[in-house]
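Each reported figure results from applying straightforward, stated rules to the coordinates on display, with no laboratory input. All values reported here derive from a predicted model rather than from experimental measurement. A quick note on method: Cβ atoms are made from the backbone with ideal geometry, for glycine too, and the neighbour counts reach across all protein chains shown.
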Amino acid sequence: MAREATLEKVGASRIVVRALFLMALWLLLSGHYDTFHITLGIVSVALVLVLNHGLYQLDYGTRTKPEWTRVRLVKAILYFPWLSWEIVKASLAVARAVMFPSRVPIEPVLLRFNSRLPSVGADLVLAQSITIMPGTLTIAIREDEFLVHGLNPEAYASLIDGSMSAKIGELFEGTREGALIEDVRIIRSVKDL
């Protein structure tokens with residue numbers, strides 16, 4: 001009985017922390033501090049918390065739930081400039097492919113690989129990082145298997161060489177040894193799916 005009460009207190013405090021974080025983000029990004037905008041922010045935060053509450057009740061099977069408390073803050077701060085630079089490089093690669101198709105051919109492929117990242121949260125960061133990069137798109141994730149569309153080799157180079165997954169692995173405590181993605185298969189036609 002005491003354990004359940006403690007878990008309820010922890011759950012309630014997490015909701016409060018999420019609400020405060022989202023409200024601070026709302027105020028920072030809106031830049032308006034009048035009654036109307038603050039009320040709109042409170043309603044928006046409440047709606048987001050209610051709609052996302054079910055995400056914390058999902059059964060993740062053998063994988064752990066997203067544990068954002070395990071993220072290393074310094075590594076996270078360093079990850080964003082690295083990701084920004086990768087986005088710039090991918091943007092230039094896609095622009096070259098569009099402007100000079102004879103020199104930089106567009107060679108669309110599907111990449112299928114398995115993630116060995118330590119948690120569902122790490123997989124989520126990898127999927128979002130892939131999707132935000134020009135020329136790549138995360139199509140599906142099943143268990144720890146990813147299906148990604150890539151426009152040309154320059155766009156998905158950081159996936160193939162493992163640098164993106166390595167950077168994300170550094171963000172989370174408990175990262176496994178060795179390659180963080182494995183069994184990378186390049187699919188060039190629908191028949192190979």
Among GluC sites (Glu not before Pro) in the stretch 84-193, those in a DSSP loop whose Cβ has at most 16 other Cβ atoms within 10 Å are 143, 173, 177
Ordering 123-134, 26-37 by per-residue average of other C-beta atoms within 10 angstrom, highest first, gives 123-134, 26-37
With x for Gly and Pro, the residue-by-residue ³J(HN,Hα) of the stretch 24-39, computed from phi through the Karplus equation 6.51 cos²θ - 1.76 cosθ + 1.60 at θ = phi - 60° and given in whole Hz, is 4, 5, 4, 5, 5, 6, 6, x, 10, 10, 8, 4, 4, 5, 5, 4
